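A.B. asks: Please see the structure below; I have some questions.
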Amino acid sequence: MTAVQRNYIGVALAAGAVFALGLGVRQAQPLFISAINSSTGVGYATISLAFGIAQLMWGVAQPVAGGIADRYGPRPVMVGGALLVSAATALTPLAHTGLALALLIGVLGATGAGALGPSLLMSAANRWIPEAKRAFASGVINAGGSFGQFTLVPLAQLAIGLAGWQPALVLLGASGLLAVPLVLWLTRGGAAQSALGMRHTPSSASQQIASAATKPQRGDMRPTARLTTTVPTDASENISPMVA
């Protein structure tokens, strides 16, 4: 690794912390189901539908976020995801209908959390991690999700008891903003490095073939003579007649 590359353990811990915040905020939201139902009166079935949509959107958002990151880089995708999950969580107390809950919890919040998924984080972190250490780093990043649930869920429950469910939701959303500086540090210099790699790598198989065909080869020698072939005459003409 070069001098500008960070220590791979620090990179893995930073990526794991981002995953911990994204998944921890999302997994703490079910603590507020009873309070949301009492405040809005929409019913548990409607609220459960919003969380069911969230489960689907979290999975759908990850490959979509990966595709966008391939084109524009992981930094804007993950920063946007952190802002989205934080805003959706903080605005949930203002939702008083089933449609609003489905939009905030089911679509926006889950999409933001999906943009902070482990696959995208590992992809962003790999440029700073030696190949021999990537399996270990992947384990650290995935463990961050469990650690986030272990810490943020009890803290959210404590905040509900101390301040009430609405301020607790706002605080939970604000905690997701802590992922933004971690993402900025993790992806520092990544855009330039990605652009450099794209500039030197053909984007398709046809371009690779064209590049190989037009590239001058050292020691290339063109043939100076044509191949000639001789067609043998009939074997019977070369055999002397036998004398009886």
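The values are calculated or read from the model by the stated rules, or taken from the named source; none is laboratory data. These numbers come from a predicted model, not from an experiment. Backbone-built Cβ (ideal geometry, glycine too); neighbour counts: all protein chains shown.
A.B. asks: Just to be sure I understand, how many residues within the stretch 67-101 are over 20 Å from ALA20 (Cβ atoms), surrounded by fewer than 20 Cβ atoms within 10 Å (Cβ to Cβ) and in contact (Cβ under 8 Å) with a residue 12 or more places away in the chain?
C.D. replies: The total comes to 5.
A.B. asks: Could you check, for the stretch 78-99, whether at least one of its residues is modelled with pLDDT under 90 and of a type in the set (S, T, N, Q)?
C.D. replies: The answer is no; no qualifying residue exists.
A.B. asks: Further question: Looking only at the stretch 24-83, count every residue that is outside any helix (DSSP H, G or I) and either under 25 Å from SER146 (Cα atoms) or over 12 Å from the mean Cα position of the chain (by Cα) (or both) and tell me the total.
C.D. replies: Taking the stretch 24-83 first, the residues outside any helix (DSSP H, G or I) are 41-43, 73.
Still in the running and either under 25 Å from SER146 (Cα atoms) or over 12 Å from the mean Cα position of the chain (by Cα) (or both): 41-43.
Residues meeting the conditions: 3.
A.B. asks: Right, here's the next one. So which of ALA159, ALA179, ALA163 is closer than 25 Å to LEU104 by Cβ, surrounded by 15 or more Cβ atoms within 10 Å (Cβ to Cβ) and without any contact (Cβ under 8 Å) to a residue 60 or more places away in the chain? Give the derivation first.
C.D. replies: Values: ALA179 fails: without any contact (Cβ under 8 Å) to a residue 60 or more places away in the chain; ALA163 fails: surrounded by 15 or more Cβ atoms within 10 Å (Cβ to Cβ).
After applying the criteria, what remains is ALA159.
A.B. asks: Further question on the same structure: What are the pairs with Cβ atoms under 8 angstrom where one residue, in the stretch 128-154, is within 30 Å of LEU169 (Cβ to Cβ) and the other, located anywhere, is outside any helix (DSSP H, G or I) and of a type in the set (Gly, Ala, Ser)? Sequence gap at least six, or different chains.
C.D. replies: Every condition considered, no pair remains.
A.B. asks: Consider ALA88 carefully, then state whether it is under 29 Å from ARG188 (Cα atoms) and either assigned to a loop (DSSP other than H, G, I, E, B) or touching a Phe, Trp or Tyr at 6+ places or on another chain (Cβ under 7 Å) (or both). Spell out the reasoning first.
C.D. replies: Details: under 29 Å from ARG188 (Cα atoms): yes; either assigned to a loop (DSSP other than H, G, I, E, B) or touching a Phe, Trp or Tyr at 6+ places or on another chain (Cβ under 7 Å) (or both): no.
In short, no.
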